[in-house]
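The next block holds one structure in the form of structure tokens; read it before the comments.
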Amino acid sequence: MTTLESYAKIAEAAPRGLIGGAPVVRGEDEIKRKYRREPGFPVPILIAPATMWLIVFLFLPLISIFIFSFWKTTGHGMTPAFSLEHYRAFFVTEGFFDPKNGDFLTPSVFIRTLWTTFRFTFTVMAICLLLAYPLAYFLSMQVEDFKWQLALFLLAMVPFWTSYLIRAVAWLPMLGRHGLINEFLLDIGAIDEPVSFFLYSEFSYTMALVQLYVVLAVGPIFFSLAKIDRTLLEAARDMAATPFQIFREIIFPLSLPGIAIGMIFVFVMVMGEFATAVVVYGGKTSTTGTVILNYYVIANYPFAAVNAIMLMLAMMIGVVIILRLVDIRKEL
Amino acid sequence: MAYDSPGQVLQGKLSRRSFMKTTAAGVATGAMASGSFLRQAAADDGLRSIGLGVSEINEIQAKATKDLGFPVAGQAMGYGEMFSKMLNQNDQYEIAEGYFNDMRVMAPAKVWQPIDTKKIKEWDKVTNLTKTGKLTPESSEGQGDAPFKLMWCDANGTIVKGPSQYIIMVPGWHNADSLGYNPKATGRAIESWSELLNKDFKGKVALLNVPQIGVMDAALAIEALGLKKFVDKGNMTKAEIDFLIDYLIPLKKAGHFRAFWENFGQSVNLMVNGEVALESMWSPAVAAIQAEGVPCVYAFPKEGMRGWHGGMAISAKVKGKQLDQAYEYINWWLDGWPAAFVARQGYYHSIPDNAKKYLEPAEWDYWYDGKPAAKDLADPFGTIIIKKGETRSGGSYWNRYSKINVWNSIMQENDYLVKRWTEFLTA
């Protein structure tokens, strides 16, 4: 019997579960194999392409953004310098330190923009979680057949096969003053004249962001739920645990890594957003992404760099907080 | 100014669905265009030209290639992308089809070389609009970065007060922007910028979300309302910017603005979908909106319009044979075929007589002379956009351009402006 066949046999015998499942009984051969180096390319060669890629296209640009943030702007470019003026401009507004001034201790517009960005992101994350969790739960726990699981999971992905822009723009004929929802409400007589609140509002913005990014939460939660060993649930039932207890004591804690990863995905994506606000919010808000773009366009690269760094810091802090709440390594 | 308008939109071949895809299409065509653009490579024969969809149109560069006998490749870009490429990668193009309002950034950066007017064949025929600022003796110069203030330079490319032998950019296509409105939705004709801030239209107004330009439209409205007189709307002081933004913020909070648009397709969409009654607009949008069966009129405000002017500059890196070709291309442009091509979208030429050579009399009469169209008129791609009997708002070219109120500009307080604009949008 080949190794593959023996694995298949074990998998068949094991209780259902998409990933992992019951502990695999390893033969002596396989244990030895684990410690034997596979023949082929040495490790440095295998990791070289990815490392080079990251160095050239991630680390070097990041370092240069950091360096540029201290340079001086010339109005049409920048010159090397060590200046903190752009950091100052980011944090401090005129009259910030002057108790007599109306702007005393008022956070600068850039900090407020970052805060607005964060506030939206948090709302979107919360809604994504509320939508994604039941969906993932249904897919992994309620759908018995693996084929159906996969099919339904792919179905949930279908909207994401079209481009990002189409998905965002598609809200316009839906939510507009003469959009489908308004026409429907008018037809059934629920309203007398079109409601403008659906589009170019915080409502449409939040909704579009949720729709754009919810799948990023569904995936990881689904996988972490599917990974849960069903024998645990069986055992809990045998010991007369109520469904709610099972959820609270077993399922939810075990799905935390998926939640954390999903939330990190959504968080990072939405924090960097700038295009959706233009399409569905009618540009009626600024995100830090917009600010970076606006200063980039007027060739004030150092200040754009400062904003980029602040955004990155905010993202890192957010990710660290999420990882503090859930110890992914331990849970996995 | 059609800052971000993909050629597809300008071709007036829009359906409701393609409006939705405008931005996406722009990205796609941009990507496709850059493919062939790169293949052109930097061989020392032929030209690569970059600019906006206003002048970078396949038909124009194809015709240039045919007429001139060397390859000319054009690339239409979004405004921000074009601006950065012109500024930071002048080895990636030979011709910059740029705009005078960017000159305060481009000229000091020395990315373009001085152009010798002696090598511009019909330099004498170029109108005084860009030479002295006065198209006709009675014209007002207009506030802001009027082209004549930024065109002349010395042999080193430093801006000087003209006239001089050298210029940084050869003036080409230009137009004036104002407000577009749906007469059914407004219920009356719009004749002043003040209507933009009129509470009658609360929730049915859109502004252009390019801080440098949006702020000028708002300033024109505030002046028209008699609230404040700006010394120079194209170069406001911090106090003036503060006054303006502080006036706009409560309006925004009260829901006065339906949206802030960023590209041509969006502005069209807003009116076609009935979201706005009135908005700051670029003139080709009118035809695109009418093509959707929605009435739209381009206002000619009594305060005058906001002007902009495009032209051709040569990268500082170009020399030898390619430099000669660059001059040939510019001379070809001035000769009028491309100018007539873009005239059918409403853009004017720095040598009107040369555009006239390539226009039918009915086209000339409508687009330049301000007379009623003697017959149905088509855009450059053959779609009828002007019905017989229609008249261009604002009348003749000379009438429109004698009353430019302010030119698109980059202010000295640009950083501060962007900061306050951000505050306005975040409010």
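The values are calculated or read from the model by the stated rules, or taken from the named source; none is laboratory data. Since this is a predicted model, take the numbers as computed values, not measurements. Don't worry about glycine lacking a Cβ; one is built from the backbone with ideal geometry, like all the others, and counts go over all protein chains shown.
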Restricted to segment A:286-303 and to residues being crowded, with 23+ Cβ neighbours inside 10 Å and in contact with a Leu (Cβ under 8 Å, 6 or more places away or on another chain), the residue farthest from the other protein chains (Cβ to nearest Cβ) is A:THR288
Enumeration of residues in segment B:229-286 that are buried (at least 24 other Cβ atoms within 10 Å of the Cβ), more than 10 Å from chain A (Cβ to nearest Cβ) and of a type in the set (D, E, K, R): B:LYS233, B:GLU279
In the set A:MET263, A:MET310, A:MET269, A:MET315, the lone residue that is under 26 Å from A:VAL124 (Cα atoms), at pLDDT 90 or above, in a helix (DSSP H, G or I) and touching a Cys at 6+ places or on another chain (Cβ under 9 Å) is A:MET263
Kindly indicate the residue of segment B:393-427 that is modelled with pLDDT under 90 and assigned to a loop (DSSP other than H, G, I, E, B) and also nearest to the other protein chains (Cβ to nearest Cβ) among those meeting that condition. B:ALA427
With the requirement that a residue be in contact with a helix residue (DSSP H, G or I) (Cβ under 9 Å, 6 or more places away or on another chain), more than 27 Å from A:VAL195 (Cβ to Cβ) and polar (S, T, N, Q), what does segment A:139-184 give you? A:SER140, A:GLN149, A:SER163
For B:VAL54, the lone unmet condition from (1) under 18 Å from B:VAL342 (Cα atoms); (2) part of a loop (DSSP other than H, G, I, E, B); (3) within 14 Å of chain A (Cβ to nearest Cβ) is (3)
Residues within segment B:57-108 that are away from chain A (no Cβ under 14 Å) and among the polar types (S, T, N, Q), tallied: 5
Checking A:GLY283 against (1) surrounded by fewer than 21 Cβ atoms within 10 Å (Cβ to Cβ); (2) at positive phi, which test does it fail? (1)
Determine whether A:VAL280 is over 30 Å from B:GLU413 (Cα atoms), of a type outside the set (S, T, N, Q) and within 14 Å of chain B (Cβ to nearest Cβ). yes
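Condition check ((1) in a loop (DSSP other than H, G, I, E, B); (2) within 21 Å of B:THR65 (Cα to Cα); (3) among the aromatic types (Phe, Trp, Tyr)) across all residues:
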| residue | (1), (2), (3) |
| --- | --- |
| B:LYS317 | yes, no, no |
| B:ALA326 | no, yes, no |
| B:GLY346 | yes, no, no |
| B:SER350 | yes, no, no |
| B:ASN354 | no, yes, no |
| B:ALA362 | no, no, no |
| B:ASP365 | no, no, no |
| B:GLY370 | yes, no, no |
| B:ALA373 | yes, no, no |
Which one of the conditions (1) without any contact (Cβ under 8 Å) to a residue 24 or more places away in the chain; (2) more than 14 Å from chain A (Cβ to nearest Cβ); (3) among the aliphatic types (A, V, I, L, M) does B:ILE120 fail to meet, given that it meets all the rest? (1)
